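Here is the structure we will look at.
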Ligand SMILES: [Zn+2]
């Protein structure tokens with residue numbers, strides 16, 4: 001029986017779905033205005049593992065991840081670059097989708113975008129106004145009325161009175177209460193806008209997720225996820241909006257991952273301690289990033305440094321050793337103990353994952369199986385005899401999303417690709433576009449897709 005820690009109740013609870021065998025998950029995605037960093041990778045990997053495990057437990061999983069493509073940061077960056085905001089955000093959406101693919105994260109069932117959800121967002125806000133949960137100010141802003149929502153603060157375990165003490169209404173805001181938050185913002189001069197009953201404007205951040213949830217998954221969902229930095233105000237406000245609008249419980253379980261820490265601090269743009277996913281993957285494999293996450297506890301902070309990454313890399317190599325073929329002189333082995341090891345590894349794996357996705361425990365179960373397989377091989381097991389254990393092993397590593405392929409750069413073909421890319425970069429430096437195009441075509445014929453960015457050229461087999 002799967003048990004999940006629920007932020008809403010602050011308890012570990014048995015997992016029960018709304019509908020039999022179907023899990024509806026919504027995870028808050030990224031605001032697309034820059035390269036995604038390894039902190040985003042951590043969150044994506046945590047929820048990918050959760051999703052893969054639910055699939056392993058025979059659930060059908062509808063997994064929605066949104067893109068915030070309308071936002072102040074996007075508008076500012078687009079202004080700097082002299083680009084259309086929606087063009088800029090689309091570029092980073094495609095880019096992030098590619099990052100996730102390179103990280104072996106399963107594609108979401110749906111990836112809604114704010115810019116494409118506008119009619120429903122406006123309808124949602126109108127509904128809240130009609131029910132008295134929201135009000136339009138004279139300047140064209142619309143606010144959520146927190147005093148009307150009796151259990152506001154439920155998720156983050158705060159009381160409105162305590163929150164009020166530290167808050168105040170800023171100059172120019174026409175709020176009734178300092179904790180009221182914007183559902184709709186009147187457009188400033190020269191900004192991207194949409195027409196609405198309250199004039200030209202754009203949605204506030206929180207309302208988009210309530211609307212996209214409703215559009216893709218309906219009024220009630222099983223799991224809502226995101227980083228623990230989203231608990232307040234974002235998720236608190238999502239609950240307030242959706243439950244006020246539908247009159248029903250929004251999400252049964254709230255799952256939050258801890259933050260990636262670099263040098264003891266949360267990785268963030270404002271701190272400037274960023275490692276982009278592309279930079280990371282140019283030096284280490286996707287499996288190493290995933291193993292870093294697996295070695296930790298998803299709710300706790302995750303240390304990202306050479307030491308923890310090297311440890312993750314060693315674990316990946318140790319897992320890979322199970323897939324080696326039998327030795328040339330293999331003559332046979334009593335394989336009863338190997339089948340017992342398969343059963344015990346599967347049991348321990350499931351027990352660990354059922355315990356609020358204890359991935360470190362699941363990896364430990366895999367190591368038991370690695371040891372059994374390697375012992376059997378050393379004692380003369382044939383490929384035929386190793387096969388069932390290796391297949392079971394691969395099934396379980398796949399649940400965790402590990403690929404366990406040989407690293408780029410280790411095979412002859414990889415070395416050839418790298419040499420060609422180096423030659424192409426040299427040709428580009430010398431503005432020899434003819435040669436550069438020739439090499440691109442040659443790589444394409446070899447089934448290699450390359451991508452140029454300011455951090456250099458990355459490639460993968462297409
Ligand atoms: Zn959200």
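Read-outs throughout are calculated quantities, based only on the coordinates presented, and are distinct from any laboratory measurement. Please read these numbers as outputs of a predicted model, since none were measured by experiment. Positions of Cβ are backbone-derived with ideal geometry, glycine not excepted, and every protein chain shown enters the neighbour counts.
Using bins 10 angstrom wide from zero, how does P(r) for the range 412-461 break down, in % of all Cα pairs?
27, 62, 12
So, by mean Cβ neighbours within 10 angstrom, what's the order for 241-253, 430-442 with the highest one leading? Could the numbers behind the result be given before it?
Numbers: 241-253: 20.2, 430-442: 13.2.
Ranking, from highest mean packing down: 241-253, 430-442.
Based solely on its DSSP helices, what 222 nm [θ] is calculated for the chain when runs of n ≥ 4 H residues each add -39,500 (n - 2.57) and the sum is averaged over all residues, nearest 500 deg cm²/dmol?
-14500 deg cm²/dmol
What is the angle, in °, between the Cα long axis of helix 306-320 and the longest principal axis of the Cα atoms in the chain? Nearest 10 is fine, range 0 to 90.
Tilt relative to the chain: about 50 degrees.
Could you order the peptides 447-453, 173-179, 103-109 from most to least packed, using the average number of other C-beta atoms within 10 Å per residue? Working shown, then result.
On the way: 447-453: 14.1, 173-179: 16.9, 103-109: 18.9.
Order by mean packing, descending: 103-109, 173-179, 447-453.
Relative contact order for the chain: what percent, with Cα pairs under 8 Å and sequence separation of 6 or more?
Numbers: 686 pairs, mean separation 72.4, N = 462.
Computed over the chain, the figure is 16 percent.
Nearest 5 is fine: what % of DSSP beta bridges in the chain come out antiparallel, could you say? Could you put the intermediate results ahead of the total?
Details: 24 of 45 bridges.
The antiparallel proportion sits near 55 percent.
Restricting to Cα atoms and excluding each atom paired with itself, what does the Kirkwood estimate give for the chain in Å? Please list the in-between numbers first.
Values: mean 1/r = 0.0405 Å⁻¹.
For the chain, inverting the mean 1/r across all distinct Cα pairs yields 24.7 Å.
What do you get for Rg/Rh over the range 245-379 if you use C-alpha atoms and the Kirkwood form of Rh? Could the numbers behind the result be given before it?
Numbers: Rg = 19.7 Å, Rh = 17.8 Å.
Ratio value, two decimals: 1.11.
So in the range 7-262, what percent of DSSP beta bridges are antiparallel if you round to the nearest 5? Don't skip to the answer; put the middle values down first.
Numbers: 11 of 29 bridges.
Once the DSSP bridges in the range 7-262 are tallied, antiparallel ones form about 40 percent.
If packing is taken as the average count of other Cβ atoms within 10 Å, what order do 43-50, 9-16 fall into, highest mean first? Please list the in-between numbers first.
On the way: 43-50: 25.1, 9-16: 12.1.
Descending packing order for the listed peptides: 43-50, 9-16.
Using C-alpha positions alone, give me the convex hull volume of the range 130-204 per residue in cubic angstrom.
Working: hull volume 8.2 nm³, N = 75.
Once divided by residue count, the hull of the range 130-204 is 110 Å³.
Between rounded, prolate and oblate, where does the range 64-196 land on the alpha carbon gyration tensor, with a ≥ b ≥ c its root eigenvalues, rounded for a/c under 1.5, else prolate if a/b exceeds b/c? Display every interim value, and only then the final one.
Numbers: a/c = 1.98, a/b = 1.51, b/c = 1.31.
Here the range 64-196 falls in the prolate category.
On the first, second and third principal axes, largest extent first, how far apart are the outermost C-alpha atoms of the range 7-262 in Å?
53, 45, 36
Given 0.36 nm per residue, what is the gain on full extension from residue 173 to residue 451 after removing their alpha carbon distance, in nm?
Details: separation 278, 0.36 × 278 = 100.08 nm, distance 4.52 nm.
Here the segment from residue 173 to residue 451 would lengthen by 95.6 nm.
Set the Förster radius R0 to 51 Å, insert the Cβ-Cβ distance between residue 147 and residue 1 as r into 1/(1 + (r/R0)^6), and round the FRET efficiency to 0.05. Can you show the working numbers first?
Values: r = 41 Å, r/R0 = 0.79.
In this case the efficiency is close to 0.80.
Measuring from centroid to centroid over Cα atoms, what is the spacing of the range 277-349 and the range 212-254 in Å?
About 35 Å separates the Cα centre of the range 277-349 from the one of the range 212-254.
Give the Debye-formula value of log10 I(q)/I(0) at each listed q (0.12, 0.14, 0.26, 0.28 Å⁻¹), with one equal scatterer per alpha carbon of the range 302-376, two decimals each.
For the requested q values the scattering log ratios are -0.43, -0.56, -1.18, -1.24.
Residue separation times 0.36 nm, minus the C-alpha to C-alpha distance between residue 187 and residue 81: what's the value? Write out the running numbers ahead of the final one.
On the way: separation 106, 0.36 × 106 = 38.16 nm, distance 2.05 nm.
Extending this stretch completely gives an extra 36.1 nm.
Roughly how tilted is helix 236-246, in degrees to the nearest 10 and between 0 and 90, from the longest Cα axis of the chain?
Roughly 70 degrees between the two axes.
Hey, what angle do you get for helix 433-445 against the long axis of the chain, alpha-carbon based, 0 to 90 degrees rounded to 10?
The angle comes out at about 70 degrees.
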